[in-house]
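Asker: Below you'll find the structure I mean.
The values are calculated or read from the model by the stated rules, or taken from the named source; none is laboratory data. The shown structure was predicted, so the numbers you read here are calculated from the model rather than taken from an experiment. We place every Cβ from the backbone using ideal geometry, glycine too, and count neighbours over all the protein chains shown. Keep in mind that these areas ignore ligands, DNA and RNA; they rest on the heavy atoms of the full protein, side chains included. Shrake-Rupley method; radii C 1.70, N 1.55, O 1.52, S 1.80 Å.
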Amino acid sequence: MEVTLLSTGGTIASTDGDGGKTPSKAGEALIETVPGLGERASITVERVASVSGFDVTWERAAALRNAAERAAEQSDGIVVTHGTDTMAESAYLLDLTTDLPVPVAFTGAQRPFDEVGTDGPPNLLGAVRTVTHDRVGSGTYLVFDDEVHAARDVVKSHTSALSTFRSPERGPVGEFTPAGLRLFREPRSDADGAPEVGEVDAAIPILTSGLGVGGDALRRAVGDPADPAVDGVVVAGTGLGNTTGALCDAIEELRAAGVPVVIASRCHEGATAPLYGGAGGGTTLDELGVLWAGDLPPWKARIKLAVALAVGGEGVDEAFFERGLREPGR
């Protein structure tokens with residue numbers, strides 16, 4: 001089978017350098033760390049970027065999307081090596097904005113290339129095994145520590161543990177055992193993407209509510225509501241999606257100016273729901289016309305809002321929930 005490896009840097013490619021670990025190894029060097037990998041597939045390497053996961057920009061994400069669309073025309077599967085800090089976001093963005101006929105597996109490492117016990121080689125092997133598996137025909141996944149996760153569900157849960165990636169409430173799509181890939185559900189895209197979307201590039205800050213949080217930070221981020229410095233805002237609320245009364249007042253000002261606001265939750269599991277009244281309560285926010293993230297974490301809700309802005313223009317609310325971005329069964 002033909003597999004294209006798109007390398008973007010990350011810990012999997014990082015070695016000691018001036019000031020700390022930085023990406024320095026090309027995709028070809030990563031392949032050489034996995035004995036017999038070339039016997040599983042014919043692998044073509046394309047370097048898309050060489051950056052740490054924490055410095056992936058909209059422009060670099062667009063370059064990755066373009067490279068994946070080209071690779072899909074000549075490959076049976078695509079593997080993306082990426083830094084773990086934003087890997088789940090990049091995978092979700094690719095899943096939302098493409099409808100590729102071949103599977104894509106993101107992978108990387110928690111331990112650098114030059115560290116004893118680096119987890120890069122087994123993760124890379126797992127990614128190649130995933131995209132060449134006869135049951136995995138399409139969709140975007142994150143493959144790490146012998147588990148295959150759906151791009152829509154997966155989050156990074158630990159700063160340094162090798163088993164950092166998990167899919168809260170749903171669990172992985174499958175796992176690798178000595179007998180091969182064991183699937184828990186049928187592999188597919190859960191994002192119901194919008195491949196017609198053009199450039200995705202939006203200024204969307206994330207603010208967090210909590211004990212005593214006021215509204216001034218939001219006002220400073222937005223600037224003049226009549227000419228806002230942002231395209232939208234994501235608020236990580238408490239519990240089901242609530243904020244302090246002071247923050248709610250600032251959100252009301254923003255909604256009056258027509259700026260979209262998405263309410264997510266700080267909680268690691270569960271979905272948002274407008275239940276409580278009063279200042280900052282979910283039903284009060286709902287009356288202001290906010291959008292609800294459901295069970296998406298704030299950083300993925302930000303990705304989805306950016307895509308909705310690119311798709312929907314003035315009809316952001318419709319795009320966020322309807323135009324190609326509705327997620328069945330969510």
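Asker: Can you give me the number of residues within segment 1-19 that are surrounded by fewer than 24 Cβ atoms within 10 Å (Cβ to Cβ) and in contact with a Pro (Cβ under 7 Å, 6 or more places away or on another chain)?
Answerer: The qualifying residues number 1.
Asker: Taking into account only those residues within segment 254-269 that are of a type outside the set (A, V, I, L, M, F, W, C) and under 17 Å from Thr208 (Cα atoms), which is most open to solvent (accessible area, probe 1.4 Å)?
Answerer: Checking each candidate, the answer is His268.
Asker: May I pose another question? Scan segment 95-113 and tell me whether some residue there is among the acidic types (Asp, Glu), in a helix (DSSP H, G or I) and open to solvent by 40 Å² or more (accessible area, probe 1.4 Å).
Answerer: No; the residues of segment 95-113 include none that is among the acidic types (Asp, Glu), in a helix (DSSP H, G or I) and open to solvent by 40 Å² or more (accessible area, probe 1.4 Å).
Asker: Given the structure, is Thr130 over 16 Å from Val80 (Cα atoms), more than 15 Å from the chain's Cα centre (by Cα) and outside any strand (DSSP E or B)?
Answerer: In short, no.
Asker: Still on this structure, I have one more. Regarding Arg188, is this residue farther than 18 Å from Gly294 by Cβ, open to solvent by 70 Å² or more (accessible area, probe 1.4 Å) and not in a loop (DSSP other than H, G, I, E, B)?
Answerer: Here the answer is no, as Arg188 does not meet what is asked.
Asker: Hey, can you tell me all the residues within segment 68-94 that are farther than 10 Å from Thr4 by Cα and open to solvent by less than 20 Å² (accessible area, probe 1.4 Å)?
Answerer: Residues satisfying the conditions are Thr81, His82, Gly83, Thr84, Met87, Ala88, Ser90, Ala91, Tyr92, Leu93, Leu94.
Asker: Next question, about the same structure. Looking at Thr283, Thr244 in this structure, which one is without any contact (Cβ under 8 Å) to a residue 24 or more places away in the chain, β-branched (Val, Ile, Thr) and either touching a Gly at 6+ places or on another chain (Cβ under 8 Å) or surrounded by fewer than 21 Cβ atoms within 10 Å (Cβ to Cβ) (or both)?
Answerer: Exactly one residue qualifies, and that residue is Thr283.
Asker: Arg65 passes all but one of (1) surrounded by 14 or more Cβ atoms within 10 Å (Cβ to Cβ); (2) not in a helix (DSSP H, G or I); which number fails?
Answerer: (2)
Asker: Separate question: Hey, among Phe176, Phe113, Phe165, which residue is farther than 19 Å from Leu64 by Cα and within 16 Å of the chain's Cα centre (by Cα)?
Answerer: Exactly one of Phe176, Phe113, Phe165 is farther than 19 Å from Leu64 by Cα and within 16 Å of the chain's Cα centre (by Cα), namely Phe165.
Asker: Taking segment 291-316, which residues are within 15 Å of Ser265 (Cα to Cα), free of Cβ contacts under 8 Å to residues at least 40 places away in the same chain and not small (Gly, Ala, Ser)?
Answerer: Of everything in segment 291-316, those that are within 15 Å of Ser265 (Cα to Cα), free of Cβ contacts under 8 Å to residues at least 40 places away in the same chain and not small (Gly, Ala, Ser) turn out to be Leu291, Leu296.
Asker: Check whether at least one residue in segment 20-35 is part of a strand (DSSP E or B), of a type in the set (Val, Ile, Thr) and either at positive phi or open to solvent by 40 Å² or more (accessible area, probe 1.4 Å) (or both), and report yes or no.
Answerer: Yes, some residue in segment 20-35 is part of a strand (DSSP E or B), of a type in the set (Val, Ile, Thr) and either at positive phi or open to solvent by 40 Å² or more (accessible area, probe 1.4 Å) (or both).
Asker: Right, here's the next one. Ala236 - would you say it is outside any loop (DSSP other than H, G, I, E, B), touching a Pro at 6+ places or on another chain (Cβ under 8 Å) and under 23 Å from Gly223 (Cβ atoms)?
Answerer: For Ala236, the condition - outside any loop (DSSP other than H, G, I, E, B), touching a Pro at 6+ places or on another chain (Cβ under 8 Å) and under 23 Å from Gly223 (Cβ atoms) - is met.
Asker: Check off (1) at pLDDT below 90; (2) touching a strand residue (DSSP E or B) at 6+ places or on another chain (Cβ under 7 Å); (3) under 26 Å from Val56 (Cβ atoms); (4) open to solvent by 40 Å² or more (accessible area, probe 1.4 Å) for Phe320 and give me the number that stays unchecked.
Answerer: Exception for Phe320: condition (4).
Asker: Hey, among the residues in segment 172-185 that are in a strand (DSSP E or B) and open to solvent by less than 20 Å² (accessible area, probe 1.4 Å), which one's nearest to His149 (Cα to Cα)?
Answerer: Across segment 172-185, the extreme among qualifying residues is Gly174.
Asker: I would also like to ask the following. Name the residues in segment 265-291 that are under 13 Å from Ala236 (Cβ atoms) and part of a strand (DSSP E or B), would you?
Answerer: The one that is under 13 Å from Ala236 (Cβ atoms) and part of a strand (DSSP E or B): Ser265.
Asker: Pick from Asp295, Asp227, Asp249: which is outside any strand (DSSP E or B), within 23 Å of Ser157 (Cβ to Cβ) and open to solvent by 10 Å² or more (accessible area, probe 1.4 Å)?
Answerer: Asp295
Asker: At pLDDT 95 or above and buried (at least 24 other Cβ atoms within 10 Å of the Cβ): is that true of His133 in this structure?
Answerer: It is false that His133 is at pLDDT 95 or above and buried (at least 24 other Cβ atoms within 10 Å of the Cβ).
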